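Asker: Below are the structure tokens for one structure; questions will follow.
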Amino acid sequence: MSNHDDDGAPPAVALPEAGTGERARNRALRRKRRRLQEAWFIGAVAVLTLAIPVLGYVGFHKVFTTTQGRKVDAQNDPTKPNYEADVVPTPVMLLAQTGSNGLSSLTMLSIGGGDAGGAVVLIPIDTVTNVLADQTTTTRPGATAKTTTLAAALPHSNTAELTQLTANVMGLSFDETVLLNDDALAQFVTPVAPLTINNPDRLVQVDSRGRSAVLFPAGSLTLQAADVPKYMAATNPNESALARVARQQVVWQAWIAAVKSSTDPNVVPGETTSGLGRYLRGLAKGNVQFASLPGTPGYDANGAETFVPDATRVGQLIDSLVALPTPANPGDRIRVRVLSGVGPVDATALVAAHLVAADAQITIVGNADRFDYATTKVVYYDDNHAAAASAAQQLLGVGEVSKSATSVDTEDLTITIGQDLVAKRGLKITTSSGG
């Protein structure tokens, strides 16, 4: 039935007479109804969020429409088709130790699902990095970017710039950056001090006359809390950057082990849900992988030794240690939506399957529109991501690539898992209710 009169004009709407107050009452009633509907919806979403298990992802991803119009018949039941959930990235922190001579040590900490276990990556402070774009003085066509080291950057920049420079090296962003001076670091270690370590190198200090004195002997060593920042900052003349971070790793291993074995509820000072307190406690709850930044020695224009990161190996390292990284800069990583077309998704198993390359960011996981996909589908929405789609298909080793006629703003690729990928990888990514 048409909502228009025969002549095509819309029908007239009868309004109450002015001055009676009925219009105002109607408007007030409509506003009240809207408020009640909004309150009900917010309450319902809150209940659903609490009810759905948090397994590397959270909540009900309400995607009725995106900015560009992709429509999803969203479900709040993880066992049903079209269920989608926003992925919670892996928590990653940058810890910078500063002393009288500037930056002493730089460490990336990440914690695993449920804040248990994770990774510790030692970063040489003399790592070479490109200066931020807005600080680059080189403007000639074909000229190389101006470089600096992370250690040199800190005295001349703020914490945010050090964070961004390090993020560019690591290929991911940090949730927070914590700067600790020597006194603050010693205070954090105090509850578990002294730390017993096996020092791999004798550490000496050379004065202005060339005379050397032993700071820390090699072999079994007991470090009091005040000794820890001194040991972390110490370096022998002309030694490799990797030797220094190897010693720092020994301290981190002993520190985390001491936290794990302690029964003191205040074993880590400060907050328990943020900052270094959260990360130390989380790492101590599970298995921890330790690594140093991959790279090789280099030299600056003055002949001083630097450390040149190997971008390929760094990417591989981050991919192996950080399950769900976020990009160092917008657009650095391809945003991937991963859906199960073979049964209700088990998000933890899906994320653990490492279905995407190191330069990708999983933003959404969930269920496809049906569970009988025989062939895996890799869909892209913009021609700029066609190559990434082909690369993803090659990585998977099965499936078909196609372009969607509908553009979206929430992801760059959608991978729908079919039975071919399950068979090839031996995947177990569905819940028991999925068969």
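The values are calculated or read from the model by the stated rules, or taken from the named source; none is laboratory data. Please read these numbers as outputs of a predicted model, since none were measured by experiment. Note that each Cβ is placed from the backbone with ideal geometry, even for glycine, and that neighbours are counted across all protein chains shown. With ligands, DNA and RNA removed, areas are computed over all heavy atoms of the protein, side chains included. Shrake-Rupley method; radii C 1.70, N 1.55, O 1.52, S 1.80 Å.
Asker: Give me the pairs, please: first residue somewhere in the range 295-323 and closer than 27 Å to MET93 by Cα, second residue anywhere and modelled with pLDDT of 90 or more and among the basic types (Lys, Arg), beta-carbon distance under 8 Å, and either six or more positions apart or on two chains.
Answerer: That search, which allows pairs on different chains as well, returns GLY295/ARG313.
Asker: Can you tell me which residue in the range 361-396 is surrounded by the most Cβ atoms within 10 Å (Cβ to Cβ), limited to those that are touching a residue at least 24 places away in the same chain (Cβ under 8 Å) and of a type in the set (Gly, Ala, Ser)?
Answerer: Within the range 361-396, the match that is surrounded by the most Cβ atoms within 10 Å (Cβ to Cβ) is GLY366.
Asker: Now for a different question. Under the condition of being under 24 Å from ASP183 (Cα atoms) and touching a Leu at 6+ places or on another chain (Cβ under 9 Å), which residue from the range 203-220 is modelled with the lowest pLDDT?
Answerer: That would be GLN205.
Asker: Check whether at least one residue in the range 110-133 is open to solvent by less than 10 Å² (accessible area, probe 1.4 Å), at pLDDT 90 or above, out of contact with any helix residue (DSSP H, G or I) (no Cβ under 7 Å at 6 or more places or on another chain) and of a type in the set (Ser, Thr, Tyr), and report yes or no.
Answerer: no
Asker: Sticking with this structure for a sec: Quick check on ARG370: is it of a type outside the set (A, V, I, L, M, F, W, C) and in contact with a Pro (Cβ under 9 Å, 6 or more places away or on another chain)? Steps first, answer last, please.
Answerer: Numbers: of a type outside the set (A, V, I, L, M, F, W, C): yes; in contact with a Pro (Cβ under 9 Å, 6 or more places away or on another chain): yes.
For ARG370, the condition - of a type outside the set (A, V, I, L, M, F, W, C) and in contact with a Pro (Cβ under 9 Å, 6 or more places away or on another chain) - is met.
Asker: Next question. Within the range 72-104, count every residue that is part of a strand (DSSP E or B) and modelled with pLDDT of 85 or more. Step through it out loud before you land on a result.
Answerer: Going residue by residue through the range 72-104, those that are part of a strand (DSSP E or B) are 75, 83-87, 92-99, 102-104.
The next check asks that each one be modelled with pLDDT of 85 or more; those that pass are 83-87, 92-99, 102-104.
Looking only at that region, the number is 16.
Asker: Restricting to the range 260-276, what's the tally of residues that are in a loop (DSSP other than H, G, I, E, B) and exposed (fewer than 14 other Cβ atoms within 10 Å of the Cβ)?
Answerer: As a first pass, look at the range 260-276 and keep what is in a loop (DSSP other than H, G, I, E, B): 262-274.
Among the residues that remain, those that are also exposed (fewer than 14 other Cβ atoms within 10 Å of the Cβ) are: 263-266, 271, 273.
Adding up the residues that qualify gives 6.
Asker: Can you name every residue in the range 408-426 that is open to solvent by 50 Å² or more (accessible area, probe 1.4 Å) and not charged (D, E, K, R)?
Answerer: Across the range 408-426, the qualifying residues are GLN419, ALA423, GLY426.
Asker: Select from the range 252-301 the residues that are touching a Ser or Thr at 6+ places or on another chain (Cβ under 7 Å) and among the hydroxyl-bearing types (Ser, Thr, Tyr) and list them in ascending order.
Answerer: The answer is TYR299, and nothing else.
Asker: Select from the range 206-226 the residues that are free of Cβ contacts under 8 Å to residues at least 24 places away in the same chain, surrounded by 11 or more Cβ atoms within 10 Å (Cβ to Cβ) and either basic (Lys, Arg) or within 19 Å of SER100 (Cβ to Cβ) (or both) and list them in ascending order.
Answerer: LEU215, PHE216
Asker: What residue, among those in the range 402-426 that are within 15 Å of ALA374 (Cα to Cα) and in a loop (DSSP other than H, G, I, E, B), is modelled with the lowest pLDDT?
Answerer: Quick first cut of the range 402-426, residues within 15 Å of ALA374 (Cα to Cα) only: 415-426.
Among the residues that remain, those that are also in a loop (DSSP other than H, G, I, E, B) are: 418, 426.
Details: GLY418: 95, GLY426: 89.
Applying the filter and picking the extreme gives GLY426.
Asker: Here are THR222, THR196, THR235: which of them is hydroxyl-bearing (Ser, Thr, Tyr) and closer than 19 Å to LEU106 by Cβ?
Answerer: Unique residue meeting the criteria: THR235.
Asker: Do we find a residue being part of a strand (DSSP E or B) and over 30 Å from LEU94 (Cβ atoms) anywhere in the range 383-401?
Answerer: yes
Asker: Which count do you get for residues in the range 300-351 that are over 17 Å from the mean Cα position of the chain (by Cα) and among the charged types (D, E, K, R)?
Answerer: Total meeting the criteria: 5.
Asker: Out of (1) over 23 Å from the mean Cα position of the chain (by Cα); (2) farther than 30 Å from GLU305 by Cβ; (3) open to solvent by 40 Å² or more (accessible area, probe 1.4 Å), what's the single condition that is false for ALA246?
Answerer: Of (1) over 23 Å from the mean Cα position of the chain (by Cα); (2) farther than 30 Å from GLU305 by Cβ; (3) open to solvent by 40 Å² or more (accessible area, probe 1.4 Å), only one is false for ALA246: (2).
Asker: Output yes when any residue across the range 298-320 is assigned to a loop (DSSP other than H, G, I, E, B), at pLDDT below 90 and either open to solvent by less than 30 Å² (accessible area, probe 1.4 Å) or touching a helix residue (DSSP H, G or I) at 6+ places or on another chain (Cβ under 7 Å) (or both), and no when none is.
Answerer: Scanning the range 298-320, I find no residue that is assigned to a loop (DSSP other than H, G, I, E, B), at pLDDT below 90 and either open to solvent by less than 30 Å² (accessible area, probe 1.4 Å) or touching a helix residue (DSSP H, G or I) at 6+ places or on another chain (Cβ under 7 Å) (or both), so the answer is no.
Asker: Out of the range 148-203, which residues are of a type outside the set (D, E, K, R), open to solvent by 30 Å² or more (accessible area, probe 1.4 Å) and assigned to a strand (DSSP E or B)?
Answerer: THR148, THR177, LEU179, ASN181, THR196, ASN198
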